[in-house]
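Encoded as structure tokens, the structure appears first; notes follow it.
The values are calculated or read from the model by the stated rules, or taken from the named source; none is laboratory data. The structure presented is a predicted model; accordingly, all values stated were derived computationally and were not measured. Cβ: placed from backbone, ideal geometry, glycine included. Neighbour counts: every protein chain shown. In case anyone asks, the SASA skips ligands and DNA or RNA and just uses the protein heavy atoms, side chains included. Shrake-Rupley method; radii C 1.70, N 1.55, O 1.52, S 1.80 Å.
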Amino acid sequence: MTTLAYRPEIDGLRAIAVVGVVLYHLEPSLLPGGFAGVDVFFVISGYLITSLLLAEWRASGRIDLADFYARRVRRLMPALWLVITTVMLASVFLLGHLGEPFHSTLDGVKASLLFLANLHFLGTSHDYFAGPSEELPLLHLWSLAVEEQFYLVFPLLLGWLLVRGRGLAWKGLWLLSVLSLLLAEHWLSVLPPHAFFHMPSRFWELAAGALVALSANPATPGARYRSLTLLGLAMLAIALWYSGWRGHFPGTGALPAVLGTALVLVGVHRRADMGIGGRLLAARPLVALGLWSYALYLWHWPLLALDRAIRLSPSPLAWRAALCLLAVLLAALTYRFVEQPVRRGLKLAPRKVLLGGLAVTVLLLAIAHGLGQLSLVPADRKALVMQTKRDRPTDMATCHYGVGSKVTGLVPTNCELPSGAPPSVAIWGDSHALAWRPFAEQLAAGEGGTVLPVTMDACSPLAGQTASHRSSPRHAAQCDRRNELAMASLSKPGAFETVLVVGRWSAHGKTAEARSLLESRLGLALDRLAGVPQVIVLASVHELGHPAPKCIAAGRVSECAVPRAEFEAVAGPLRDVLRRLAATRPNVTVVDPADFFCGPAECPVLRDGYSLFWDDDHVSSSAARGFARAYLAEPGRYTLAPLPPRLPR
């Protein structure tokens with residue numbers, strides 16, 4: 001089996017990478033760019049694996065794939081199996097009674113064991129209505145999946161290139177790296193999550209290390225490598241500290257971390273005197289952390305994520321720091337009693353290692369599947385939890401635009417509206433308007449009419465330009481197109497008797513400046529609807545700190561309730577904005593559901609046996625219909641009086 005001469009500086013680099021990641025996950029403000037530690041790991045991995053494959057090629061003229069993958073199993077799987085098994089067992093006791101978080105964890109287990117975690121979490125953690133991704137205990141294994149997907153193709157690619165000459169291999173890998181970086185840049189401009197999670201857009205980072213390994217490596221003295229090492233470490237320091245790269249990552253925003261790591265590895269590769277930078281990297285504390293870095297990376301996130309998942313409020317920083325210290329201890333023990341014995345003592349033939357690895361993986365997959373069949377939510381809560389999850393418009397997949405969707409009309413082309421007379425009521429707004437659609441339907445039904453839903457995720461019903469959305473750069477333009485279509489179509493004479501305007505106004509009310517901008521943009525939108533006989537603007541209701549199904553499943557609905565005073569502190573100034581807008585527009589009425597949703601002291605999760613929300617901030621269909629009945633019975637109770645406009649100072 002081919003081995004490489006040990007260089008402690010590489011473990012020093014690993015220590016820097018893992019410390020960056022752990023500090024960022026502990027508290028982002030401690031190291032705002034610490035997430036780039038993952039990119040450092042990619043470059044190191046690409047360098048080491050390529051160096052091993054090249055050494056084997058030089059020694060035998062071939063790459064033994066069975067031996068290569070057996071080494072990967074011995075290196076990665078024992079610690080991974082331990083952590084995954086621990087997470088499965090812990091989730092039974094900590095998350096089982098919560099229902100969905102437990103089953104989501106088991107889905108993550110299966111994806112992680114198959115090295116498909118990046119694709120799994122791409123599809124789940126970026127769902128607009130998904131729960132908080134920081135509570136997914138195996139989310140961090142996306143990076144391991146990217147790495148192993150790379151190594152499914154890289155040995156074959158490298159062998160094919162090396163047959164044609166080492167120089168051609170270097171040039172070919174360089175070309176593929178450029179194409180990968182260009183792909184990452186393209187995806188960042190259209191689908192940023194794809195750039196983050198997909199292997200092809202991360203290929204260039206692993207290949208950067210491979211390119212260093214493919215370069216000539218004579219023992220080279222000289223001061224320039226000491227300077228290169230210091231320059232590389234400086235670039236790493238900037239990458240890990242400066243959070244601005246996060247806005248454009250992992251394309252060119254990852255260059256400082258990738259190039260900084262590559263520069264340090266050049267000194268290692270050339271067996272050069274790396275000076276003070278090399279001595280720093282070879283310091284015993286850093287080397288120890290580097291040796292534990294893989295296990296520390298595996299352990300730290302599940303501890304933090306499970307802690308978040310069982311809480312209804314953030315844990316103190318000191319407690320999270322204690323969890324990270326526990327992760328260091330677990331990492332040291334894992335390295336000593338799991339990783340080292342397997343790597344040094346397991347002398348089985350590659351075929352047996354691979355078959356054994358497959359057997360353990362299949363066993364854990366079977367256990368995860370079996371646990372997934374369990375229903376651990378207490379029986380008295382289970383029915384309400386399931387009802388709450390389903391308590392939303394059933395056609396939202398076809399009659400509602402998602403983030404970044406291409407707007408083709410007021411409603412998506414595959415939306416089937418009720419047949420018969422044209423809709424007499426329209427509801428225009430964001431995903432909160434979607435949630436309130438049953439309210440509009442009750443109003444329309446009273447007049448024998450139907451509703452046109454003009455709704456889109458993260459797209460407030462406002463005039464003017466929409467701010468960019470982090471998961472879809474094209475979303476702002478599509479939202480603006482939808483809003484312009486809405487204002488032009490809904491205002492046509494005789495088109496609609498009533499238009500409901502609904503948005504998550506709290507997202508626009510954090511500061512006086514934001515409320516002023518809301519008043520201006522919403523005012524322009526309402527002016528465009530001046531020809532509509534009746535425009536109803538729906539005021540905001542309270543928002544929960546946690547998804548309602550979680551609060552119900554945990555039996556902690558009273559803890560999830562929001563104090564009325566806390567809600568009023570946010571809602572009061574926004575109500576004033578809406579009332580001022582109504583004062584100068586006679587066709588505009590402001591309807592406030594707050595007294596239906598809240599009591600004098602608190603705003604609860606449940607009312608009359610149903611949940612008021614399907615998640616943490618979207619009202620349930622039962623609540624929307626319940627309020628419609630209350631409003632139609634006593635419209636004056638829920639209608640706000642206009643507020644005279646503020647006099648200019």
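In the stretch 481-505, which residues are open to solvent by less than 40 Å² (accessible area, probe 1.4 Å), under 22 Å from A435 (Cα atoms) and either in contact with a Ser or Thr (Cβ under 6 Å, 6 or more places away or on another chain) or free of Cβ contacts under 8 Å to residues at least 60 places away in the same chain (or both)? Of everything in the stretch 481-505, those that are open to solvent by less than 40 Å² (accessible area, probe 1.4 Å), under 22 Å from A435 (Cα atoms) and either in contact with a Ser or Thr (Cβ under 6 Å, 6 or more places away or on another chain) or free of Cβ contacts under 8 Å to residues at least 60 places away in the same chain (or both) turn out to be N483, M487, G503, W505. Restricting the first member to the stretch 553-567 and to residues that are under 8 Å from C603 (Cβ atoms), and the second to residues that are among the acidic types (D, E) and open to solvent by 50 Å² or more (accessible area, probe 1.4 Å), the beta-carbon pairs closer than 9 Å and six or more apart or on different chains are A561/E602; V562/E543; V562/E602; P563/E602; R564/E602; F567/E543; F567/E602. When each of G409, G370 is tested for being closer than 26 Å to G99 by Cβ, of a type in the set (G, A, S) and over 26 Å from the mean Cα position of the chain (by Cα), the lone residue that passes is G370. Looking across S133, S177, S143, one residue alone is within 30 Å of P393 (Cα to Cα) and within 27 Å of the chain's Cα centre (by Cα). It is S133. Select from the stretch 144-165 the residues that are farther than 19 Å from F42 by Cα and among the small types (G, A, S) and write down the one among them that is surrounded by the most Cβ atoms within 10 Å (Cβ to Cβ). It comes out as G159. For T252, the test of being open to solvent by 10 Å² or more (accessible area, probe 1.4 Å) and among the β-branched types (V, I, T) is passed.
Quick check on my filter: what residues within the stretch 189-201 are open to solvent by 10 Å² or more (accessible area, probe 1.4 Å), in a helix (DSSP H, G or I), in contact with a Phe, Trp or Tyr (Cβ under 9 Å, 6 or more places away or on another chain) and not aromatic (F, W, Y)? P192, P193, H194 - these are the residues of the stretch 189-201 that are open to solvent by 10 Å² or more (accessible area, probe 1.4 Å), in a helix (DSSP H, G or I), in contact with a Phe, Trp or Tyr (Cβ under 9 Å, 6 or more places away or on another chain) and not aromatic (F, W, Y). Check the stretch 28-45 and report whether any residue there is within 15 Å of A262 (Cβ to Cβ), touching a helix residue (DSSP H, G or I) at 6+ places or on another chain (Cβ under 7 Å), hydroxyl-bearing (S, T, Y) and in contact (Cβ under 8 Å) with a residue 12 or more places away in the chain. The answer is yes; a qualifying residue exists.
If you go through the stretch 345-361 and keep only what is in a helix (DSSP H, G or I) and either surrounded by 11 or more Cβ atoms within 10 Å (Cβ to Cβ) or modelled with pLDDT under 95 (or both), you end up with G345, P350, R351, K352, V353, L354, L355, G356, G357, L358, V360, T361. Scanning the stretch 413-469 for residues that are under 17 Å from L526 (Cα atoms), of a type in the set (V, I, T) and in a loop (DSSP other than H, G, I, E, B) yields one hit, T466.
Report yes if E559 is open to solvent by 10 Å² or more (accessible area, probe 1.4 Å) and part of a helix (DSSP H, G or I), otherwise no. Against the criterion (open to solvent by 10 Å² or more (accessible area, probe 1.4 Å) and part of a helix (DSSP H, G or I)), E559 qualifies. Restricting L106, L89, L168, L179 to residues that are at pLDDT 95 or above, in a helix (DSSP H, G or I), open to solvent by 50 Å² or more (accessible area, probe 1.4 Å) and farther than 26 Å from L329 by Cβ narrows the list to L179. Number of residues in the stretch 302-325 that are open to solvent by 30 Å² or more (accessible area, probe 1.4 Å), over 20 Å from the mean Cα position of the chain (by Cα) and aliphatic (A, V, I, L, M) equals 5. Looking at T450, T455, just one residue is modelled with pLDDT of 90 or more, over 30 Å from F196 (Cβ atoms), among the hydroxyl-bearing types (S, T, Y) and in contact with a helix residue (DSSP H, G or I) (Cβ under 9 Å, 6 or more places away or on another chain), and that residue is T450. Once the stretch 421-444 is narrowed to residues that are of a type in the set (G, A, S) and open to solvent by 10 Å² or more (accessible area, probe 1.4 Å), the residue that is nearest to S489 (Cα to Cα) is S424. Regarding the stretch 131-143, can at least one residue be identified that is assigned to a loop (DSSP other than H, G, I, E, B), touching a residue at least 24 places away in the same chain (Cβ under 8 Å) and open to solvent by 40 Å² or more (accessible area, probe 1.4 Å)? Within the stretch 131-143, one or more residues are assigned to a loop (DSSP other than H, G, I, E, B), touching a residue at least 24 places away in the same chain (Cβ under 8 Å) and open to solvent by 40 Å² or more (accessible area, probe 1.4 Å). Note on the stretch 202-297: enclosed helices (runs of 4 or more DSSP H) holding 3 or more residues that are under 18 Å from G34 (Cα atoms) and out of contact with any Leu (no Cβ under 7 Å at 6 or more places or on another chain) are 223-241, 255-269. Scan the stretch 506-517 and tell me whether some residue there is touching a residue at least 24 places away in the same chain (Cβ under 8 Å) and in a strand (DSSP E or B). No, there is no match, as no residue in the stretch 506-517 is touching a residue at least 24 places away in the same chain (Cβ under 8 Å) and in a strand (DSSP E or B).
One residue stands out in the stretch 539-586 among those that are over 19 Å from H432 (Cβ atoms) and of a type in the set (S, T, Y): the one that is farthest from the chain's Cα centre (by Cα), namely T584. I want to confirm something. Restricting to the stretch 309-324 and keeping residues that are at pLDDT below 95 and either among the hydroxyl-bearing types (S, T, Y) or assigned to a helix (DSSP H, G or I) (or both), which single residue is nearest to S112 (Cα to Cα)? Only one residue fits best here, namely A309.
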